[in-house]
Structures are given as structure tokens and as C-alpha cells.
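Encoded as C-alpha cells, the structure appears first; notes follow it.
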Amino acid sequence: MSGTPDNPSTDAPSAVTRRTLLGRATVAGLLAVPSAGLLSACLGSSDDDKQDQAEGTKSAENPLGVKEDAPLEVVIFNGGLGTKYATDVHIPSYKAKFPKAEVKFSQTEEIATQLQPRFSSNTPPDMVNNAGSKLMDMGALVQAGQASDLTDLFEAPSLDIAGKKVKETLLPGAIEQGTFNGKPYVLNYAYTVYGLWYDAALFKNKGWAVPKTWAEFTALCDTIKAAGITPYGYAGANAAYYQYLVLLTSAAKIGGTDVLKNIDNLEDGAWTNDAVKKAAEAWAGIGAKYSDKAFLGQKHTEVQLQQNQGKVAFYPSGSWLENEQAKDTPATFKYAVKQLPSVGGSDKLPFTAIFAAPGEEYWAAAKGKNPRGAQEYLRHMLSKEGAKKFTELTKVMTVVKGATDGLTISPGFTSGAALATAAGENAFSYRWADWYKKLDDECRSATNELMFSGGTAEKFCERMQKAADAVKKDSSIQKFKR
Amino acid sequence: MRRGRYPFIIGFLAAPVILYVTFVVLPYVEAFYVAMTDWRGLSPDYNFVGLDNFAALLDNERFWKALRHHGVLLLVMPLVTIFIALVFSFLLNVGGSTKPGQMAGIRGSGFYRVVFFFPQMLAIVVIGVIFGRVFAPIDSGLINGALNGLGLGPVLFMADPDLALWSIIAVLVWQGVGFYVVLFSAGMASIPRDIYEAALIDGANKFTLFFKVTLPLLWDTIQVAWVYLGIAAFDAFAIVQVLAVADGGPDGATTVIGLEIYQQAFRDSYFGKASALGVVLFFLTLTFAALTLRVTRREAVEL
């Protein structure tokens, strides 16, 4: 293999070429881990320079002591709800009260990308709507002292509901949802009810009655299956939490809301509780008999579309569903939502009990220039007028009690509102999935295993208990109680 | 002449060195430091925790899973990609006529060259989205649509934990082959024709040509390809992020270290832990590159 001068693989220069190439490859390798370097880009000044904060005098007209000419900076997440409710309703409402104040509005689709550097340099905006797929970890923000204590806001008189404090105008659980270790830091403004969604028109056509007991549920599923429709489905690829939410709703209905409280507080044996086991067993039966393994590889939009096409009967979700699917829903399709059927005859909570959670985080930055103005802004959001107009623009209920009474927006909205009314005080939720992301991950996988991959209730409970115990033991994870 | 030399060299070197130090070296040094803190990225405050973040990795099941996946990627992806690319480039360059004096690729090789290189032109996210449709378990999925039609489906490419990683590897190979076909073609073009012709006159068939002539003369290029692919095997973040179900799922069956870093940092706000992972990845890649340099150097001597 020698001789030919134009053969580059045997003579000396080629060896050099190869070595240079390999050398370059090494450099490429070093560059292949840029994330490590980028992470620290924002770790800069660690001096604790607080900004000067604007303060006015408190009075009956101005209960939060807002400085009337202090500018206010508001950042709104631009997602499913849009931003019109802020620019057209809440900001004008604030400006009407404080005409001298300048309100600086900005919106973003990626909250963390925009705001994280501002929080790590202690120059945050005043009021933040922390939402979307790139939201910042609320527990971490509270721990870092970035959110204002909202006790004053909830104790202040309501803006337009005479004689009532703000806290008295809210639905049950509204303040609790934003409470971290005993103090309220976040206003969860939107009120979401969860249940089984179906096409009321289709059910009416076929003469199917929505089931109240588990026996009725499985009997109806048999009928639906015989009609060539998949009775039940959820998206295993990215929305398994819709399924564990209904599973735990069933558990709470069987064993009472303490079941969920114990899970939140990482109590020993909270997941291996009989109620959780029974609920898991019931749902595993639905997964095995009345669903389709193919959902395991599908995203929520894909499964929802199949429901719109009449291929899936029941779908577990929250009250944003109708709005989310508005584009793909045929005119004949009428969204409706129903409570989960009771699993046993001796459930602790009635059939009408539902999982309902205040969501969408709005809060005042503690180290902003105008934290009092930010709290006042939240008070305007919580006025009856502000809440009603928000619902009209977004088709989403708020935590303000009775603000949308008599409002007819869409069949799905009416159905969801009826669920909330029927539930009354029997509305509950949990917090663990937000507090401990690791458990959320684990539960999604465990749920998919339970529903589609031959898992059992026993395995599900043990797997979750093991994960919860691990989180409890891990001192690097911040803990919460409720 | 000598007097002007140093200012000249310094003048040329200063800019790249400053850029490199500012944008590569310093962030690395800082990442090493952040890896030893509990910084959460949402305030300027943090505590120094020593090696706790690294100790926590030992118990982190997903970290070990990711490491295993890199092992599989490292073994399978370069081998398969290089094999396919070699076969293709051989066919394109010398696979056609075997009559002496008429060495050429198979008919239409110009067309195939473009086709093979096509995936390389697409952004990795686009490829992820395309294969999302190819692998989709419903009737609109390219493969499962056909399988369902035959009553054989669906095959859960991304949702079956035993299949998911292999599906990802298949996509990476599909995407990578084109580049290496071009690389090897360039290498083959520089192999003198007369060697082939001599072999042909001696009665060599195509297999002998490939194994006795092409492969040995291309060995250096193949080694380079192996290093490149090995480094690519430590990445795979983008395709997993776009294509895999449930964030590197199902159940962590496709997770890679890059994805774990992303999750820890930008979803869970544990920048300290994420940096620790980054440091580990840094050393893994470095070790791999150093090892390969060693091994290939020895082989070069043997040759």
C-alpha cells in the first residue's frame, strides 16, 4: 500500500490531517456541553441591594397604602387566556383609581426566560402572572423571598362588593391554594373544575345516561364499546396527570379529603392507603377494558381531537378544555362535564364532590419598586366587575364568588359552573404535584403503567409510596405543609 | 523581521483567545462553582454545599438510566451509521460497472447522493416533528396507518419502553448517514483508480474490492467518523426533547443527560444540581475524546 503519491492515507501529511481532525473533534466534544456553561450566566452580583419601594398613606379609600403617582409594572403571560383582560379591564380599572400612576404593561410567552434574570439580579417587575409551560417554580420563588405576603390584600375591603373583605368574596380553597407554609403569597385567579368531559349531543342522540355509580359506568362503557366508540381515553404521552388527577379524585371521594392532605404532607403510608388502592383498582379496570393502548403514545391534542371526531366518549380534563378545542369542535359537538361516578356504596364524599382548583398564579414581587401598587392591582382583579369581565373575555371562571352568575357563554361553561354550584363546599384539590416535581414525574409513569402496561393497584401504590418516601428523606428538596 | 513577529502573532491571537476565555473558559469555571452550590436561579442568594450535588447523583435513578442510554448510543449508533454510510458510499462510487477502465457508481448515483444528504439539511426539531408523524400510533401515522390497514398494528414506537430508545437511535442514524456518505465518498475519491483496476484485473469481485481495498484505505476517515459519532452519542438532547413521550419517557426509557440538565435547571429551578450534571457530562465527553485519541494513535503505529 505504498508508492502512489496522491494517496493521502499513507504519507506523513495525512497523519497530521487526521490528528488535526481528531483534535477538532475533541474541541467539538467540549462544545457539546454548552448547557453547563450557560446555566451560570446569570449568577452575578450577589449583593442584596433592595430597590426603593413606593409607599403612600393608608386610608379607607386606599386601604393598601398605594402611592398614587408611583409607576406600576405588570407582566402578563400571553397564552390561552390572551392579554386583553389585562389591557382592557384590569389596567384601566387601576388607572381609573390612580390617574397619576403610569402602568407599564408587557407580555411574554416565556415567563422564565424573560423574568428569571430580573429576579436573580433583584430588579423584578411589580406584578407577575407566572404561567405557561415555562413558568418559574413558585415554591422556589417564595423560598427566595421574591413574593410579597398577601395577607393585607385579603384583609382589605373589596373594591366593589360593599361591606365585605376581599377574603370573604372568594370561593373555598382560593386563598389556601396560594398559601406556602401558613402565609398567602399567590393569588390563584382562575377557577378550574375537573371531571369527565363528553359530547352531550352524542349522548342525547344515543340515549345514554351519564353514570353515577361505578356499575353504571362500566355498563355504559360496554354499550359505548358495542357502538364502536372507544369509551375512555387520556393522553399518555404528555398528559398522564389528567388521569392521576381523576384517580386521586376517586380516592378522595372514597376516603375523604384527608387522603389528599396526607399525600401533600408526605405522611407515611399516604399512598398505600386503602382508598388510593381501591381507586387505582377501579381505574385500572377501565384502562384494561375500555381504553386503547395506543393512547399511551399520543399527546393531549391528539386524543382531544379524536373525541371531537366522535371516536372517544369520555375524556378527563379541566374546564379550559372547551376553549382549547374551540377551533376543532364541530358545531354539533356540545361539551359537557360530569362528576366522577362513585366507586363504592360507602364513599365518604357524595357523588357531587369534585376536584376544583384555583389556578393561574398572579402575585406581587417583594423586591419590586411598587409592591403595594401590585397588591392593589390584584384587588382590582378580584373586584366583581374585574372578575366578570375576565370571564366574558376568556370563558374561564374566577375565584370571585358569584361573579358570573347568570352569565351564559357556552354549553361547556354552563356545565362546569353547574358542577361547581352542585359541589358547594365539597370541592377539593391537592398541592403535591406542584410542590414536588419528582413525584409528579413518577406518578405520570406509574399511572401509565397502571392503566396501559399491565400494572396493578398494589404496584402503583407501592411505587408512589417509595417515591414519596425518597422525597421526604431528601434534604435538598424544600418541603411544604398544609 | 524577527522584531515584527511577536506583535503580529499576538495581534492575531488576542481576539480569539479573549473570546474563548470569556465565552467558554469562564462559564465553565463558573459552572464548576455553581455545581457546588444550592443556587436555584431565582435570587442572587445561594449556599456553598461542597460535593453534595454530586453525591445526590449516585442515588438519582434517572441519571443512571441516562448514563446507560449513552452507553447503548455509543455502542450502536456509530457502528450502524458507519456501516450503512460505507455501503452507500461504496455503491455510489465504485458499486457500478466492474469493467476495467470504467469504474463508476451505480446508475443514478448523483440523485441518490442528494437524497442521502437531505436529512442533514433539516433542523433536528423538524426531523423530530416529522418522525412524530411517522411513529404516531394512530391511523394518520405513516407506519401504523399501514399496519392498522393490514390489521397488524399499532406498534407503539415511542410509548413502548422496550422500543423507544431504539426508535430514537433509528432516527439519529437516518439523520446522520447522509453526512458520512459524503465524508466517505470524499475519502474514496482520493483512492487511486489504478488500485481498483489492478484488483479487478486480478479477478477481485465487489466484496473483495470493498473489504480488501476500500476499507483499509479508508480506515483513517472511518476513525474520524467514529469520534464524531461518539461525541454525538453524548448529546441526543434535541431529538429526545422533541420526539420522546413524557419528557424522556416512557418512564425515563429515553432520557439522556442533556435532558436531565434541562429539566433540573429550567423546569425545577435546581441550577446547582443541573450544573453538577453538566460537569459530569463534561468529564465524560473529555474522557471519551482522550481515550479515542489514545487508541487510534496506537492503531496508526501498527499500520
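The values are calculated or read from the model by the stated rules, or taken from the named source; none is laboratory data. These numbers were taken from a predicted model, which means no experiment stands behind them. Cβ atoms come from the backbone with ideal geometry, glycine included; neighbour counts cover every protein chain shown. Calculation scope for accessible area: heavy atoms of the full protein, side chains included, ligands and nucleic acids excluded. Shrake-Rupley method; radii C 1.70, N 1.55, O 1.52, S 1.80 Å.
For the protein assembly as shown, the solvent-accessible area works out to 44 Å² per residue, with a probe of 1.4 Å and every protein chain left in place.
Cross-link reach is defined here as a Cα-Cα straight distance under 18 Å, omitting same-chain residues fewer than 8 places apart; for A:K289 the lysines meeting it are A:K225, A:K278, A:K311. Between the amide H of B:G153 and those of B:N148, distances stay under 5 Å, these residues lying 5 or more places away or on another chain, with hydrogens modeled in the peptide plane. Farthest toward the positive end of the dipole of region B:9-63, out of B:N47, B:N60, B:V34, is the Cα of B:V34, where the dipole comes from beta carbon charges about the Cα centre. For the pair A:D149 and B:L286, what calculated FRET efficiency results from E = 1/(1 + (r/R0)^6), where r is the Cβ-Cβ distance and R0 = 56 Å, to the nearest 0.05? Step by step, r from the Cβ atoms, then E = 0.75. Residues of region A:193-215 with an amide N closer than 18 Å to a point placed 7 Å from the Cα of A:K289 along the Cα-to-Cβ direction: A:209-215. Residue-wise HN-Hα couplings along region A:85-99, as the Karplus relation 6.51 cos²θ - 1.76 cosθ + 1.60 with θ = phi - 60° gives them from phi, are 4, 7, 6, 9, 10, 6, 5, x, 5, 5, 5, 5, 7, 10, x Hz; Gly and Pro carry x. Each residue of region A:375-482 gets 176 Å³ once the volume of the Cα convex hull is shared out per residue.
Grab the Cα-Cα distance for A:A227 and A:T408, subtract it from 0.36 nm times how many residues apart they are, and report the gain in nm with one decimal. Don't jump to the answer; show the numbers that get you there.
Working: separation 181, 0.36 × 181 = 65.16 nm, distance 3.29 nm.
Taking A:A227 through A:T408 to full extension adds about 61.9 nm, to one decimal.
If I stretch the segment between A:K183 and A:E324 completely, what's the gain in nm (0.36 nm per residue apart, minus their alpha carbon distance), one decimal? Please list the in-between numbers first.
On the way: separation 141, 0.36 × 141 = 50.76 nm, distance 3.31 nm.
Answer, rounded to one decimal: 47.4 nm.
Close amide H pairs (under 5 Å, H built 1.01 Å from N) link A:T398 with A:Y191, residues at least 5 positions away or on another chain. The trypsin sites (Lys or Arg not before Pro) of region A:327-361 meeting both criteria, a DSSP state outside H, G, I, E and B (loop) and at most 15 other C-beta atoms within 10 angstrom of the site's C-beta, are A:K327, A:K348. With all protein chains in place and a 1.4 Å probe, the accessible surface of chain A carries 51 percent carbon and sulfur. Here each label is just a point 7 Å from Cα along the line to Cβ, and for A:E458 and A:T421 those points are 4.7 nm apart. Expressed as a whole percentage, what fraction of the accessible surface of region B:55-295 belongs to carbon and sulfur atoms when a 1.4 Å probe is rolled over the protein heavy atoms? Carbon and sulfur together cover 70 percent of it. The alpha carbons of region B:55-295 stretch over 66, 52, 26 Å along the principal axes, in descending order.
Taking θ as phi - 60° and the Karplus parameters 6.51, -1.76 and 1.60, the scalar couplings of region A:199-214 work out to 8, 4, 5, 4, 5, 5, 3, 7, x, 8, 9, 6, x, 10, 10, 5 Hz in sequence order, x denoting glycine and proline. A dipole drawn for the protein assembly as shown from +1 and -1 charges on Cβ atoms has a positive end, and of A:P316, B:G108, A:A156 the residue lying farthest that way is B:G108. A Förster radius of 56 Å, combined with the Cβ-Cβ distance separating B:S190 from A:K481, puts the computed FRET efficiency at roughly 0.20.
Heavy atoms of chains B and A lose about 5300 Å² of accessible surface on contact, summed over both sides with a 1.4 Å probe.
Pairs A:K95/A:K164; A:K212/A:K481; A:K348/A:K384; A:K164/A:K389: which exceed 25 Å Cα-Cα?
Numbers: A:K95/A:K164 23 Å; A:K212/A:K481 34 Å; A:K348/A:K384 34 Å; A:K164/A:K389 20 Å.
Flagged as over cut-off: A:K212/A:K481; A:K348/A:K384.
Projected label points at B:A14 and B:L152, each 7 Å from Cα along the beta carbon direction, are separated by 6.8 nanometres.
When the Debye formula is applied to the Cα atoms of chain A, each taken as the same point scatterer, what base-10 log of I(q)/I(0) results at q = 0.06, 0.10, 0.12 Å⁻¹? Debye output, listed in q order: -0.34, -0.82, -1.10. Normalised by the number of residues in region B:55-295, the average gap of Cα pairs under 8 Å and 6 or more apart makes the relative contact order 26 percent. About the centre of its Cα atoms, the protein assembly as shown shows a dipole size close to 1060 debye [charges on the beta carbon of Lys, Arg (+1) and Asp, Glu (-1) only; nearest 20 debye].
Distance between the 7 Å Cα→Cβ label points at B:V295 and A:F105: 6.1 nm.
Take each residue of peptide A:284-293, count the partner chain Cβ atoms within 10 Å of its Cβ, and average: the result is 1. Per residue of peptide B:156-163, the mean number of Cβ atoms on other chains within 10 Å of the residue Cβ is 4. Going Cα to Cα from A:K473, which aspartates and glutamates come in below 14 Å? Please leave out same-chain ones fewer than 8 positions away. Qualifying aspartates and glutamates at Cα under 14 Å: A:E267, A:D268, B:D59. Helical runs (DSSP H, four residues minimum) scored at -39500 (n - 2.57) apiece and divided by the length of the protein assembly as shown put the mean residue ellipticity at 222 nm at -16000 deg cm²/dmol.
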